[in-house]
Amino acid sequence: MTLIIVFVGIVWLFIFLASLLFTADKPKVMVPNQSINYIEKIDNFALQDFDEKQRILHVIKAKQYFNFYNDPDLLLAPKVITYDENGAEIYTMTSKRAQYLDIGEVKFTGEVDIRSKTGVAYKINAKELLANTKTHDLISHQEVIYFDEKTTVAAEGVHIKVAEDKMQLKGKNRIKQEGGQRIFTQDLFIDQSNQQKHYYSKHKTTYLATGNKIDAQGIDIDMKKGLTTLLGKVHILQKSGASIDTKSLTIDQSNGNEIYSTKEKVHYQSKTLDIHSIGMHYNVKAQKIKLTGGVVGRYE
């Protein structure tokens, strides 16, 4: 019995040492939650791609490049620069990590910084963001978060036409503004061409701020002027239970304000008041409402 145990122990020791011998020369790279053997590693990696007329399409750089047997190539600290047919730069993308796919696309993950030729900058956190090196569009069909100077937008996908400085945040959108306002809408467009910063959606929108809940049929925001227009029929429900029905409500957030105004018909209702007017000026922070133009009311 003793000899058998010793013999089995020797066999297992031999198997263990043999496994070390055959795996010691296979380098590994750490990727999230796993360690994968790689075939090739290149420091200070650089790749240039040209079209059939030998015009440069894009340059892909990375601090380190890893090639694997059955997994996409890995780029650490990647930088992608794309060019138009005249050789002018369209945009530059940087991130901590990306994958270079066989189809020629680059898939970024995590925080991605994008800067277009016009100077427009995008900061996006994405589960994946595909850079199509042929169309120059950036696309994701998974959850993304877009960071603006004073606004954060969460969406279910994104399509960025960087050459046009235009973006669509797809699916359900959750917008959080610096002042604490929250906006819920769908398929939000952001147009930053011609030095503007224009957010808009034609879908049903809910705006929450300072105890007020506002439902509308769309939204249009001029970020540079600090003006928001809630489109179509608008219903305001105050914390007190009072309600206001109107159309095309403008919200002035410039200089730290929160002022609602409209020149459309207004119907104000509370437990004791029922008032109709044509026009309204509502200073939310001061809690003062001024109804103007043909005011007719009933007190109960």
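The values are calculated or read from the model by the stated rules, or taken from the named source; none is laboratory data. Given the structure is predicted, the values throughout are model-derived calculations rather than measurements. A quick note on method: Cβ atoms are made from the backbone with ideal geometry, for glycine too, and the neighbour counts reach across all protein chains shown. Accessible surface areas use protein heavy atoms only, side chains included; no ligands, DNA or RNA. Shrake-Rupley method; radii C 1.70, N 1.55, O 1.52, S 1.80 Å.
Which loop trypsin sites (Lys or Arg not before Pro) in region 143-192, with loop taken from DSSP, have no more than 14 other Cβ atoms within 10 angstrom of their Cβ?
Counting only loop positions with at most 14 other Cβ atoms within 10 Å, the trypsin sites (Lys or Arg not before Pro) in region 143-192 are Lys150.
Amide H of Val266: which non-local residues (sequence gap of 5 or more, or other chain) have their own amide H closer than 5 Å, using H built in the peptide plane?
Ser277, Ile278, Gly279
Loop only per DSSP, at most 13 neighbouring Cβ atoms within 10 Å: give me the trypsin sites (Lys or Arg not before Pro) in region 194-300, ordered by residue number.
Those that pass, being in a loop and sparsely packed, are Lys224, Lys225, Lys239, Lys271, Lys285.
Give the label of the value calculated from the structure for Cα Rg over 2.2 N^0.38 Å, choosing from [x] 1.28; [y] 0.92; [z] 1.50.
Working out Cα Rg over 2.2 N^0.38 Å from the coordinates points to [z].
Rounded to the nearest whole Å², what accessible area per residue is found for the chain with the 1.4 Å probe?
Per residue, the chain has 59 Å² of solvent-accessible surface.
Helix 2-23 versus the longest principal axis of the chain: what is the Cα-based angle in degrees, 0 to 90, to the nearest 10?
So the helix axis and the longest Cα principal axis differ by about 60 degrees.
Taking region 178-239, which chymotrypsin sites (Phe, Trp or Tyr not before Pro) meet the DSSP loop condition and have no more than 11 other C-beta atoms within 10 Å?
Filter output for region 178-239: empty list.
Quantify, in whole percent, the carbon and sulfur part of the accessible surface of region 80-224 (1.4 Å probe; protein heavy atoms only).
45 percent
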